[in-house]
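Q: Structure in structure tokens, see below.
The values are calculated or read from the model by the stated rules, or taken from the named source; none is laboratory data. Just so you know, these numbers come straight off a predicted model, no measurement behind them. Ideal geometry is used to build each Cβ from the backbone, glycine not excepted, and the neighbour counts take in all protein chains shown. Accessible surface areas use protein heavy atoms only, side chains included; no ligands, DNA or RNA. Shrake-Rupley method; radii C 1.70, N 1.55, O 1.52, S 1.80 Å.
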Amino acid sequence: MKLRLLAAALAATVVLPFSAASAADLEVTHWWTSGGEAAAVAELAKAFDATGNKWVDGAIAGSGGTARPIMISRITGGDPMGATQFNHGRQAEELVEAGLMRDLTDVATRENWKDIVKPSSLLDSCTIEGKIYCAPVNIHSWQWLWLSNAAFKQAGVDVPKNWDEFVAAAPALEKAGIIPLAVGGQPWQSAGAFDVLMVAIAGKDVFNKVFGEKDAEVAAGPDIAKVFKAADDARKMSKGSNVQDWNQATNLVITGKAGGQIMGDWAQGEFQVAGQKAGTDYTCLPGLGVNEIISTGGDAFYFPLLKDEEKSKAQEVLASTLLDPKTQVAFNLKKGSLPVRGDVDLATANDCMKKGLEILAKGNVIQGTDQLLSADSQKQKEDLFSEFFASTMTPEDAQKRFTDIIASAD
């Protein structure tokens, strides 16, 4: 049932007029549970607690695919949390349309978010019918290949500089008993890897035509056929991963059991917790070393409408705290992501983060698929690639199914 149909039944969940409010405990739900993620979210909690309020942590293990249905069920069921993580984009679209999420336009206007949030597409993804409904906290890009320097040394081959060299090195890695490509079993991982391959191999324009314009003819064409050939290579290279969570796959790279992983820049948090140094212990290739482009997806916090006046006031304080310059630096350095503010000092960023900042400064960016596709279309895509990576489905058959998804996407 569409969430907007529940709006009338839940109309009682409204915000009372503000008055002077004392500090409040605010439950915040999110899916940041890996080592690097936990270290990062602790910075948000520390900054919010410093305001006199209290961050009540509501971590949900199992990644966004597991957490989001739980979060949505609580909000639609009349048991809203104080704030909740979503990827900025269309994941909370129906919750907003149902009148269940708080309008942050006043906070955003007062604190000049339109001037400080860069690129502007981040705040655009929080905006529905001219009103701002979320506070973006980072820029997370999927467009990275992470490589274990030790694995390639053990295999007796040079660390690759691009995707083609990585594929060519796979036999040497396998001969040394090393899995070439680590891919976890969660559906979003294989779907995300395909999106990264699309940008690297078919280019930015094709990516935008397929996901932005929903061009089924391009999706069925020769450019995407090349991407499916690369996805078939990735599938063969990932046999033997035998892990589920993304951070378990990252750990295979950290420990040299796998040569590489296509994963977002949140993987940096895991390398950091493990004490590994960019450029020395591991190598990062933005755009797979082919097209140095980053996607501007990421995380944002949405605020359900609450009856409690003090908690409602605390929501404003949290929204403000999330975009505070000091919070942005402390959080993103631990998370491995880029800040949403263009005016903060990241002099202590590692080599990989600096590469991302340089690409961002050049404007070599695309929107993430969470911003371009509805949650339903994303789920269909994830289901397809989960099946593709786990089966013997031909690239041709997979492309036909992919084309059907794009043709019906909204």
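Q: Quickly estimate the mean residue ellipticity at 222 nm for the chain, helices only: each DSSP H run with n ≥ 4 gives -39500 (n - 2.57), and the total goes over all residues, rounded to 500.
A: Values: 20 runs with 196 residues, N = 410.
One gets -14000 deg cm²/dmol as the mean residue ellipticity at 222 nm.
Q: So, one more: Where both partners of a DSSP beta bridge lie in the chain, what percent of those bridges are antiparallel, to the nearest 5? Numbers along the way, then the final one.
A: On the way: 21 of 34 bridges.
Among the beta bridges of the chain, antiparallel pairing accounts for roughly 60 percent.
Q: Would you please give the FRET efficiency between A38 and T348, computed as 1/(1 + (r/R0)^6) with r the Cβ-Cβ distance and R0 = 25 Å, to the nearest 0.05? Could you put the intermediate results ahead of the total?
A: Values: r = 20 Å, r/R0 = 0.81.
Calculated transfer efficiency: 0.80.
Q: So if each residue of separation counts as 0.36 nm, and I subtract the Cα-Cα distance between I128 and K229, what length gain in nm does that give?
A: On the way: separation 101, 0.36 × 101 = 36.36 nm, distance 3.79 nm.
Length gained, I128 through K229: 32.6 nm.
Q: Carbon-plus-sulfur fraction of the accessible area of the chain, 1.4 Å probe, in percent? Let's see the in-between values first.
A: Details: 8300 of 16480 Å².
After summing per-atom areas, the C and S share lands at 50 percent.
Q: In whole Hz, with x marking every Gly and Pro, tabulate ³J(HN,Hα) for region 262-278 from phi via Karplus 6.51 cos²θ - 1.76 cosθ + 1.60, θ = phi - 60°.
A: 8, 7, x, 5, 5, 4, 4, x, 6, 4, 5, 4, 7, x, 8, 10, 4
Q: Restricting to Cα pairs below 8 Å that are 6+ residues apart, what does the relative contact order work out to for the chain? Please round to a whole percent. Please report the intermediate quantities before stating the final value.
A: Details: 774 pairs, mean separation 115.5, N = 410.
Reported relative contact order: 28 percent.
Q: Can you list, bin by bin at 10 Å, the percent of alpha carbon pairs in region 140-240, starting at 0?
A: With 10 Å bins starting at 0, P(r) equals 14, 44, 31, 10, 1.
Q: So, one more: Return the equivalent ellipsoid semi-axes of region 351-410 as a descending list in whole Å, where each equals the square root of 5 times an eigenvalue of the C-alpha gyration tensor. Walk me through the numbers before you get to the answer.
A: Working: eigenvalues 176, 50, 21 Å².
Those come to 30, 16, 10 Å.
Q: Please give every one of the lysines within straight-line cross-link reach of K334, meaning a C-alpha to C-alpha distance under 19 Å, and leave out same-chain neighbours fewer than 8 residues apart.
A: Answer for K334, where 19 Å is the Cα cut-off: K46, K277, K326, K354, K355, listed by chain and number.
Q: Under a GNM of the chain (C-alpha, springs under 10 Å), which listed residue has the highest mean-square fluctuation: R74, R235, R90?
A: Answer for the Gaussian network model of the chain: R74.
Q: Determine, for each peptide in 297-303, 101-107, the mean count of other beta carbons within 10 angstrom over its residues, then list the peptides with the highest first.
A: Values: 297-303: 26.1, 101-107: 18.7.
Descending mean neighbour count gives 297-303, 101-107.
Q: A further question follows. Between K239 and D404, 0.36 nm times their residue separation minus their Cα-Cα distance comes to what? Please list the in-between numbers first.
A: On the way: separation 165, 0.36 × 165 = 59.40 nm, distance 2.73 nm.
Length gained between K239 and D404: 56.7 nm.
Q: Debye sum, Cα scatterers, the chain, no solvent: what log₁₀ I/I(0) at q = 0.06, 0.08 1/Å?
A: Treating every Cα as an identical point scatterer, log10 I(q)/I(0) equals -0.23, -0.42.
Q: Select from Q328, Q154, Q85 the residue whose mean-square fluctuation is largest in a Gaussian network model of the chain (Cα-Cα springs shorter than 10 Å).
A: In this elastic network of the chain, the residue with the biggest mean-square fluctuation among Q328, Q154, Q85 is Q154.
Q: Taking the highest mean first, how do the peptides 401-410, 284-293 order by number of other beta carbon atoms within 10 angstrom per residue? Show your work: numbers first, answer last.
A: Numbers: 401-410: 17.0, 284-293: 21.2.
Top to bottom by mean Cβ count within 10 Å: 284-293, 401-410.
Q: Using alpha carbon centroids, what distance separates region 38-91 and region 235-304, in Å?
A: Using only Cα atoms, the two centres lie 23 Å from each other.
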